[in-house]
Amino acid sequence: MLYFPRMNELGEPYVVLYGAALLLFGAAAVLAALLQIRPQLGWPLTGVLGTLTFLFLGLLGLDVTRLYALDMRPSGIAYRWLSYAAAVVLLATATAVLGVFGDRIAGAHGREYRVAVRVCIAASFLAMAGIVLQPFLAMVR
Amino acid sequence: MFSFHARVHESVAAAALLAAGVTLHVLWIGNLLAVRIPAVRETFTLMPELGSASGLFCLAVAAYALVFFPAGVWFKGRDCSHARDPIFWFFIASVAAFALLTIPFVHGFGVAMEVA
């Protein structure tokens with residue numbers, strides 16, 4: 001059975017976590033944009049990305065428990081689960097890279113890693129948007 | 001400025017990027033196989049509620065660990081500067097491949113052939 005849950009069907013904790021993730025993504029975007037000007041922002045950004053990793057795991061857990069409660073088998077929405085997996089992998093990687101470099105990521109030898117962290121943030125934000133927009137995309141199709 | 005880390009362990013960052021790239025490739029290839037081959041889908045279905053994605057999650061964790069730890073050990077104490085660029089572009093290509101090849105329309109695409 002194909003079922004595309006909407007935000008208001010996902011329950012309050014999911015919406016709260018989703019809102020928190022949105023706020024943290026905003027903070028991460030600003031911090032990542034300012035990394036080159038203020039290298040000391042590397043450590044706060046590490047914390048924000050680490051928190052986002054666990055927030056995504058929480059969102060995934062809430063989604064799975066909701067399916068258990070409703071006794072549903074929506075195996076046709078693998079795209080949704082893959083988006084969660086990709087976001088967790090990318091955010092964990094960005095946290096690891098920033099954890100290694102910290103405030104020295106603004107240096108010349110950290111250029112590739114800096115771009116990689118920005119790509120991780122952008123791609124995981126798109127994954128999060130894809131998770132929520134999925135019902136609307138399915139409707140259009 | 002005071003820092004706890006006197007030295008940058010680039011080996012860990014390079015291994016993390018390489019592991020993320022490999023994991024994304026494993027995920028899209030695994031998803032493609034699960035969609036196309038019912039036996040693979042059955043094998044990956046560890047939790048019926050999640051479908052084949054449950055097996056894909058485990059596969060992703062295994063792939064990340066299997067690449068991250070050996071690569072970290074391999075890069076440790078070595079000059080990673082020559083590997084920086086290839087790993088970075090491999091990672092970018094993996095993100096692009098994952099984004100494109102997990103779109104349901106793309107991985108569900110097929111060509112029907114009829115023999116006259």
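The values are calculated or read from the model by the stated rules, or taken from the named source; none is laboratory data. The model shown is predicted, which means the values in this text are computed figures rather than measured ones. Here the Cβ positions follow ideal geometry from the backbone for every residue, glycine too, while neighbour counts run over all protein chains shown.
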Scanning segment B:59-80 residue by residue, those within 11 Å of chain A (Cβ to nearest Cβ), in a helix (DSSP H, G or I) and in contact (Cβ under 8 Å) with a residue 24 or more places away in the chain turn out to be B:59, B:60, B:63, B:64, B:68, B:72
A careful count of residues in segment A:92-131 that are surrounded by 23 or more Cβ atoms within 10 Å (Cβ to Cβ) and at positive phi gives 0
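So that you can scan it fast, the table gives a plain yes or no per residue for (1) within 17 Å of residue B:20 (Cβ to Cβ); (2) exposed (fewer than 13 other Cβ atoms within 10 Å of the Cβ); (3) touching a Gly at 6+ places or on another chain (Cβ under 8 Å); (4) not charged (D, E, K, R):
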site: B:38; (1), (2), (3), (4): no, yes, no, yes
site: B:43; (1), (2), (3), (4): no, no, yes, yes
site: B:51; (1), (2), (3), (4): no, no, yes, yes
site: B:65; (1), (2), (3), (4): yes, yes, no, yes
site: B:77; (1), (2), (3), (4): no, yes, no, yes
site: B:80; (1), (2), (3), (4): yes, no, no, yes
site: B:89; (1), (2), (3), (4): yes, yes, no, yes
The lone condition residue B:32 fails out of (1) at the interface with chain A (Cβ under 9 Å from one of its Cβ atoms); (2) within 22 Å of residue B:98 (Cα to Cα); (3) modelled with pLDDT under 90 is (1)
Scanning segment B:44-58 for residues that are hydrophobic (A, V, I, L, M, F, W, C) and assigned to a helix (DSSP H, G or I), the one nearest to the other protein chains (Cβ to nearest Cβ) turns out to be B:53
Does segment A:104-127 contain any residue that is more than 7 Å from every other protein chain (Cβ to nearest Cβ) and within 19 Å of residue B:53 (Cα to Cα)?
yes
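Residues that are surrounded by 17 or more Cβ atoms within 10 Å (Cβ to Cβ), out of contact with any strand residue (DSSP E or B) (no Cβ under 9 Å at 6 or more places or on another chain) and either at pLDDT 95 or above or within 27 Å of residue A:81 (Cα to Cα) (or both): does segment B:3-11 have at least one? Can you show your working first?
Keep residues of segment B:3-11 that are surrounded by 17 or more Cβ atoms within 10 Å (Cβ to Cβ), which gives B:8-11.
Still in the running and out of contact with any strand residue (DSSP E or B) (no Cβ under 9 Å at 6 or more places or on another chain): B:8-11.
Applying the additional criterion that residues be either at pLDDT 95 or above or within 27 Å of residue A:81 (Cα to Cα) (or both) yields none.
Checked segment B:3-11: no residue is surrounded by 17 or more Cβ atoms within 10 Å (Cβ to Cβ), out of contact with any strand residue (DSSP E or B) (no Cβ under 9 Å at 6 or more places or on another chain) and either at pLDDT 95 or above or within 27 Å of residue A:81 (Cα to Cα) (or both).
Considering only residues that are in contact (Cβ under 8 Å) with a residue 24 or more places away in the chain and at the interface with another protein chain (Cβ under 7 Å from one of its Cβ atoms), which ones fall in segment A:78-93?
Matches in segment A:78-93: A:79, A:86, A:90, A:93.
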Taking segment A:26-47 and the residues there that are touching a residue at least 60 places away in the same chain (Cβ under 8 Å) and under 14 Å from residue A:95 (Cβ atoms), the one that is nearest to the chain's Cα centre (by Cα) would be A:28
Residue B:16 - would you say it is assigned to a helix (DSSP H, G or I) and either surrounded by fewer than 24 Cβ atoms within 10 Å (Cβ to Cβ) or of a type outside the set (Gly, Ala, Ser) (or both)?
no
